[in-house]
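None of the figures in this text is laboratory data; all of them are computed from the coordinates on show. Quantities reported herein were computed from a predicted structural model and do not represent experimental measurements. Counting neighbours? That spans all protein chains shown, and the Cβs are built from the backbone with ideal geometry, glycine included.
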Amino acid sequence: MIHKIKELLKETEEFSVKSAEELESFRLKYLSKKGEISQLFNDFKNVPAELKKEVGQEINILKQFAQEKFDQFKAVIEDSQTGTETLDLTRPGEPLELGSRHPISIVRNEIISIFNRLGFTVAEGPEIEDDWHVFSALNFPPEHPARDMQDTFFIDKANEILLRTHTSSVQVRVMQNTKPPIRSIFPGRVFRNEAISARAHCIFHQVEGLYVAENVSFADLKQTLLYFAKEMFGEKTQIRLRPSYFPFTEPSAEMDVSCSICGGKGCNICKYSGWLEILGCGMVDPNVLESCGIDSEKYTGFAFGMGIERIAMLKFQIKDLRLYFENDVRFLRQFKSAY
Ligand code: DAH
C-alpha cells in the first residue's frame, strides 16, 4: 500500500493541467468520491494495525498535496478566463464627472473681479484675532454689546483671543502696515455665536472694502457701490443709501439694491418693498484712522462690508442658508452649467 501511495504522489506531482477540462479530469481521477485517494481510504481498513499510523500519515500527505495542486491550477485557470472573457479593452471609458464651484466661491470670485476692475487689490487676515483688531481699534466702546459672549466665540477670554465676528478687522491690519493710498478688499470667513436657521449661521463669509487716500468723499463711495451693484445684479439695478450706525464709520449707511427679481415692483423676495439690503458702509471714522497710525487730518476713507451668502441668495434665489454647508451634490450641481 505504501508503494501505491508513493506512486500516486509521483503521478500527481507530474500531472500538468492546461484547461478546465483537464482540471476536471484531475479532480475525477484523484479527488472525487470514486477517485484514487478515496479508494485508498477504503482499503485502509485492511491495513494491519501496526502499520496503520504510518500508512495513515502517508495518505494524508498525498491527499493534501493533491488538493493544493488542484487549488493552484484552479486559480490559474480562473485568472486566465477573466483575462480573456470579461476584460473588454474596446469598451469606452467610464465618464469622469467634473465637479463645480460652490456658489459662495462663485460669488466671492465675482466680487473680487468687479473690484479688481476698479483697482482694488485683495488682502486677507487671520480668523483667530484679538479684541483690539476686531473691536477696540474699530472704535467699539468698551461696553458695546457686540463684544458680548453671546455674539462672539472666545478662544481665550482672559487674553481676549477670539474668532473674528467680521472682516473689518482686516482693515485695521492693512492700515497698520500700509501707507495710503490704500484700495483693497478683504474676503474671508467670520464667526458668530448664532443659532443655525434658514436665515442665520454661526459661520459665514464677508467681503470688506477699504479706500483710504487724500480727498476721498462720500460721493466716491456711492459711485463705487453703484458700479458694483450694476455689475453684480445687472445694468438696470438702482441703489439707495439709508442712514445707519456703525462704530467705525461716520457717517454710516446701509445700502439697498432694487429687487432684480421683480424689477422693483414688489414681490415676496423683497417683501413687496422693491428693495433688498445688501451691505453696510460709511466714511472711516477719524478715530479708526488714528488708531491705525494714519493721519486723519491728511487722509479720509470709505469702507463697506457685505455678506457673500446674502448676495448669493439674492443672485441665485437660494432660500435657506443651511444649504451652503450641507454639501448636498443635488444642490451644488445646479451651479455647474452657469459657471
Ligand atoms: N462689519 C459690519 C458687519 O459685520 C459690516 C460693515 C458695515 C463693514 C459698515 C464696513 C462698514 O466696513 O463701513 O456687520
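For the reader, a short list of remarks on this structure follows.
- Karplus-derived 3J(HN,Hα) values for the range 192-206, using 6.51 cos²θ - 1.76 cosθ + 1.60 with θ = phi - 60°, are 9, 7, 10, 5, 7, 8, 5, 10, 9, 9, 7, 10, 8, 10, 10 Hz; glycine and proline are entered as x.
- Residues Ser217 and Arg322, FRET efficiency given R0 of 56 Å [Cβ-Cβ distance, rounded to 0.05]: 0.85
- In nm, spacing of pseudo-spin labels at Phe65 and Leu51 (7 Å Cα→C-beta vector): 1.9 nm
- Part-to-part distance (alpha-carbon centres) for the range 223-250 and the range 315-332, which is given in Å: 25 Å
- Cut-off under 5 Å, modelled amide H: who pairs with His205 long-range: Val190, Ile308, Glu309
- Across all Cα pairs in the range 3-85, the calculated P(r) in 5 Å bins from zero up to the longest distance comes to 3, 14, 24, 21, 15, 10, 7, 4, 2, 1, 0 percent per bin.
- Under 5 Å between amide hydrogens, built in the peptide plane, is the criterion, and for Gly282 it picks out Ala253, Ala303 among residues at least 5 positions away or on other chains.
- As a proxy for reagent exposure, ranking Phe153, Phe204 by other Cβ atoms within 10 Å from fewest up yields Phe153, Phe204.
- Segment Gln39-Ile203, length gained on full extension (0.36 nm per residue, minus Cα span): 51.2 nm
- Taking a sphere under 12 Å around the Cβ of Glu110 and counting the other residues whose Cβ falls inside, with K and R at +1 and D and E at -1, yields a net charge of +3.
- Our note on the geometry: Cα centres of the range 18-79 and the range 128-196, 81 Å apart.
- Rounded to the nearest 10 degrees, the angle from helix 218-233 to the longest Cα principal axis of the chain is 30 degrees.
- For Cys267 and Lys230, a Förster radius of 25 Å and the Cβ-Cβ distance give a FRET efficiency of 0.80, rounded to the nearest 0.05.
- Highest-first arrangement of 240-253, 7-20, where packing means the average Cβ count within 10 Å: 240-253, 7-20
- Taking 22 Å as the straight-line reach from the Cα of Lys63, the lysines in range (excluding those fewer than 8 positions away in the same chain) are Lys4, Lys6, Lys10, Lys18, Lys29, Lys33, Lys34, Lys45, Lys52, Lys53, Lys74.
- Three-way shape label, the chain, alpha-carbon gyration tensor, a/c 1.5: prolate
- Extension gain from Trp132 to Glu14, taking 0.36 nm per residue of separation minus the Cα-Cα distance: 33.8 nm
- Phi-derived couplings, Karplus 6.51 cos²θ - 1.76 cosθ + 1.60 at θ = phi - 60°, listed residue by residue for the range 313-318: 4, 6, 5, 9, 6, 8 Hz, with x used for Gly and Pro.
- Members of Lys157/Lys179; Lys236/Lys336; Lys271/Lys315 lying beyond 21 Å, as alpha-carbon distances in this model show: Lys157/Lys179; Lys236/Lys336
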